[in-house]
Amino acid sequence: MTKKLSPTLIKKIKPIKLLCLDVDGVMTDGCIIYDDDGKEIKVFDVKDGHGIKLLMRAGIDVAIITARESNVVLHRAKNLGIETVYQKAMDKVAAFEDIVKKKQLLPNEASYMGDELVDIQLLRRVGFAVAVKDAVADVKKYADYVTARNGGYGAVREICDLILKVQGKWEEVTARYFE
């Protein structure tokens, strides 16, 4: 970990059992590309994907909550093994509350990563609120942690690694790479 973490921040990260992610601007750089047929194309960072897999290997669940709808998101979620995907979530707090209720978690056991104004209410609700480096300034005000990396360029991996290290699970889930 490059940033020195305060005891308060560590206390917020320790109970995390669920990481909820926005898509555009968090899992991607926020660019949306359309081909000539109108099909949407998104670019995802493979390192973010590996971080998500490491987190899930450690028993921490991952969910997607996005206001937009895209088949690309469903493909990415399936590829990563993310089963909980809420698209067209105009009320992200309601989607989040549904998720934690179904998973029998408390709000302080969940984290959310966002970048845009629509994310503020949910950032205020979770136990560990994260904004990506290139989030709009007003969003960063509500974050417990702002990533060193931009959305779509390793910000998700940064948070996955951080959670694993703070919870003491890093060595366990990465041991096979160092044998």
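The values are calculated or read from the model by the stated rules, or taken from the named source; none is laboratory data. Given the structure is predicted, the values throughout are model-derived calculations rather than measurements. Neighbour counts run over all protein chains shown; Cβ positions are idealised from the backbone, glycine included.
Does segment 5-17 include one or more residues that are at pLDDT 95 or above, touching a Gly at 6+ places or on another chain (Cβ under 6 Å), assigned to a helix (DSSP H, G or I) and charged (D, E, K, R)?
yes
Can you tell me how many residues within segment 100-132 are under 28 Å from N71 (Cβ atoms) and either touching a helix residue (DSSP H, G or I) at 6+ places or on another chain (Cβ under 7 Å) or buried (at least 20 other Cβ atoms within 10 Å of the Cβ) (or both)?
19
Assigned to a helix (DSSP H, G or I), farther than 20 Å from D48 by Cβ and either of a type outside the set (D, E) or touching a residue at least 40 places away in the same chain (Cβ under 8 Å) (or both): does that describe V100? Steps first, answer last, please.
On the way: assigned to a helix (DSSP H, G or I): yes; farther than 20 Å from D48 by Cβ: yes; either of a type outside the set (D, E) or touching a residue at least 40 places away in the same chain (Cβ under 8 Å) (or both): yes.
It is true that V100 is assigned to a helix (DSSP H, G or I), farther than 20 Å from D48 by Cβ and either of a type outside the set (D, E) or touching a residue at least 40 places away in the same chain (Cβ under 8 Å) (or both).
Would a scan of segment 45-59 turn up a residue that is surrounded by fewer than 19 Cβ atoms within 10 Å (Cβ to Cβ), without any contact (Cβ under 8 Å) to a residue 40 or more places away in the chain, more than 16 Å from G152 (Cβ to Cβ) and among the hydrophobic types (A, V, I, L, M, F, W, C)?
yes
Being in contact (Cβ under 8 Å) with a residue 60 or more places away in the chain and of a type outside the set (G, A, S) narrows it down to one residue among Y177, Y145, Y86; which is it?
Y145
Which count do you get for residues in segment 138-166 that are buried (at least 18 other Cβ atoms within 10 Å of the Cβ) and farther than 20 Å from G30 by Cβ?
5
Can you find a residue that is within 21 Å of L54 (Cβ to Cβ), at pLDDT 95 or above and of a type in the set (D, E) anywhere in segment 112-131?
No, every residue in segment 112-131 fails to be within 21 Å of L54 (Cβ to Cβ), at pLDDT 95 or above and of a type in the set (D, E).
Considering only residues that are touching a residue at least 40 places away in the same chain (Cβ under 8 Å), of a type outside the set (A, V, I, L, M, F, W, C) and not in a helix (DSSP H, G or I), which ones fall in segment 103-116?
K103, S111, Y112, G114, D115, E116
Quick check: anything in segment 60-70 at pLDDT 95 or above, touching a Ser or Thr at 6+ places or on another chain (Cβ under 6 Å), buried (at least 18 other Cβ atoms within 10 Å of the Cβ) and at negative phi?
Checked segment 60-70: at least one residue is at pLDDT 95 or above, touching a Ser or Thr at 6+ places or on another chain (Cβ under 6 Å), buried (at least 18 other Cβ atoms within 10 Å of the Cβ) and at negative phi.
Please specify each residue of segment 74-91 satisfying the condition of being in contact with a strand residue (DSSP E or B) (Cβ under 7 Å, 6 or more places away or on another chain) and more than 14 Å from V156 (Cβ to Cβ).
Once the filter is applied, which keeps residues that are in contact with a strand residue (DSSP E or B) (Cβ under 7 Å, 6 or more places away or on another chain) and more than 14 Å from V156 (Cβ to Cβ), segment 74-91 yields L74, T84, V85, Y86, A89.
Among the numbered criteria (1) closer than 26 Å to V46 by Cα; (2) of a type outside the set (V, I, T); (3) in contact with a Ser or Thr (Cβ under 7 Å, 6 or more places away or on another chain), which single criterion is violated by G127?
The failed condition is (1).
Among the listed residues D119, D138, which satisfies the condition of being assigned to a helix (DSSP H, G or I), more than 24 Å from T174 (Cα to Cα) and within 13 Å of the chain's Cα centre (by Cα)?
D119
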